[in-house]
1. Helix A:43-55 sits at what angle to the longest principal axis of chain A, using alpha carbons and giving 0 to 90 degrees rounded to 10?
2. Just in region A:185-229: which trypsin sites (Lys or Arg not before Pro) are loop by DSSP and have at most 13 other Cβ atoms within 10 Å?
3. With all distinct Cα pairs included, what does the Kirkwood hydrodynamic radius of region A:32-147 come out to in Å, to one decimal, could you say?
4. Using a label point 7 angstrom from Cα along Cα-to-C-beta, what distances in nm, from shortest up, separate A:HIS8 from the other copies?
5. Would you report the distance distribution of C-alpha pairs in region A:105-230 as whole percents per 5 angstrom bin, up to the bin with the largest distance?
6. Mind listing which chymotrypsin sites (Phe, Trp or Tyr not before Pro) in region A:1-68 are in a DSSP loop and have 16 or fewer other Cβ atoms within 10 Å?
7. Determine by what factor the alpha-carbon radius of gyration of the protein assembly as shown differs from 2.2 N^0.38 Å, reporting the quotient.
8. If you rotate chain A onto chain B, whose Cβ in A ends up lying nearest the axis, and how many Å away is it?
Number of protein chains: 2
Amino acid sequence: MASTSTVHGQSYLEYLKPTLERFFSGVEELLFIPYARPGGITHDAYTNHASRFFETLKINVKGLHQFEDPKAAIAAAQGIFTGGGNTFVLVKALHELGLMAALREQLFIGTPYLGTSAGSNICGINMQTTNDMPIAYPPSFKTLGMIPCNINPHYLDPIAGSTHMGETRETRINEFHSQVNIPVIGLREGSWLEVHGKAISLKGAHTARLFRQGQQPTELETNTQITSYF
Amino acid sequence: MASTSTVHGQSYLEYLKPTLERFFSGVEELLFIPYARPGGITHDAYTNHASRFFETLKINVKGLHQFEDPKAAIAAAQGIFTGGGNTFVLVKALHELGLMAALREQLFIGTPYLGTSAGSNICGINMQTTNDMPIAYPPSFKTLGMIPCNINPHYLDPIAGSTHMGETRETRINEFHSQVNIPVIGLREGSWLEVHGKAISLKGAHTARLFRQGQQPTELETNTQITSYF
């Protein structure tokens, strides 16, 4: 569950390549979920984009939109990758196609899964800590619940000396906690969560910021297990 | 319909004071809609905050939450002000209390209305160009449709040289246009729209950025009528 697909100055998924090589070892074909459509690109174009990266790992990529029976495709998948884009568009598609439960089931039996940005957002309990614009209306905000918290990807620290009056990310997450009691991990770009069974570890270049209702935020150290916080 | 209640370095609504003095002249009691609850503050605290400003204009403020029959309160209002905060929370409350239609009716007969941020967002056709986090699930994203477009408040230009990989505001609005064909006005902080009947004018310190599906964005000059763009 990665904050971003791409870190500044690098190519698509480059910073994750050594990790993904290990994580998807043995996977010959990866199922790609292109529904988040960054910038509104087509499912085909997005799948090709992911495919070009995974060729370098000798993994074949197929788009979920290419299957007549997407539920069966999920149930048969050796590995799954959900790309970033717009979380509302992604969640609407997953709910309307009845795929949220199928995906959840397939992940709970241990199928290796990569999510970036919106694809990580949906691993939380709900999508209510996305940064995205509500350009589509999903029938529900509920998501996969793979971890006992929500993710805020592309987490940004307040900018010192900013004159902008729009809310900081921290203010937004605090507002979320005025409505909902679910912990939120602010994942900075270059960070990701590695989940094996019940064990959740923070990985990558940065600490992460954990927000819990009614408590001061905590910085989580990278390369540590963070399971005990939940 | 103001981008923000507060510009950097000034007090609450200070930059709008001369305008509001004229606009609400003759109004003795203003109905305040506190549902957007910035930072999760209470309806009472938010109403008091608005009240302290309007005292300086000798206008009494009552919160909509104080009325047993909020529909009747809207229908009887001399003037209405919806404060900023979270657009999802605001729209959920207005729909669930059945007030969206009542508000729309009262505005279409010419009742003077001030919206700031989320309170401006709801003047658009839908709330789908809000910047807010979806911390609540409204039964619909439809809003008042007082103008033939949507508003993106707190509009931010891309930051030159930024290393952040999250979407710029312009990218987000373009993604909106991959789903929905409604023009969007990016209102910078310090700008507002003044609407009289069908005439829409841009006011305040900045140009505004108009986004239309399939077209290059256009900068709108301040102190001009922009009605002809729609």
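The values are calculated or read from the model by the stated rules, or taken from the named source; none is laboratory data. For clarity, every value in this text was computed on a predicted model and none was experimentally measured. In this analysis, Cβ positions are derived from the backbone assuming ideal geometry, glycine residues included, and neighbour counts consider all displayed protein chains. Side chains are part of the model used for accessible areas, which takes the heavy atoms of the whole protein and leaves out ligands, DNA and RNA. Shrake-Rupley method; radii C 1.70, N 1.55, O 1.52, S 1.80 Å.
1. Compared with the principal axis, the helix lies near 90 degrees.
2. A:LYS198
3. 14.0
4. 1.8
5. Histogramming region A:105-230 at 5 Å steps yields 2, 10, 21, 24, 22, 12, 7, 2, 1, 0 percent.
6. Those that pass, being in a loop and sparsely packed, are A:TYR12, A:PHE67.
7. On the way: Rg = 23.1 Å, N = 460, 2.2 N^0.38 = 22.6 Å.
Here the answer is 1.02, to two decimals.
8. Residue plus distance in Å, as requested: A:PRO134, 3.
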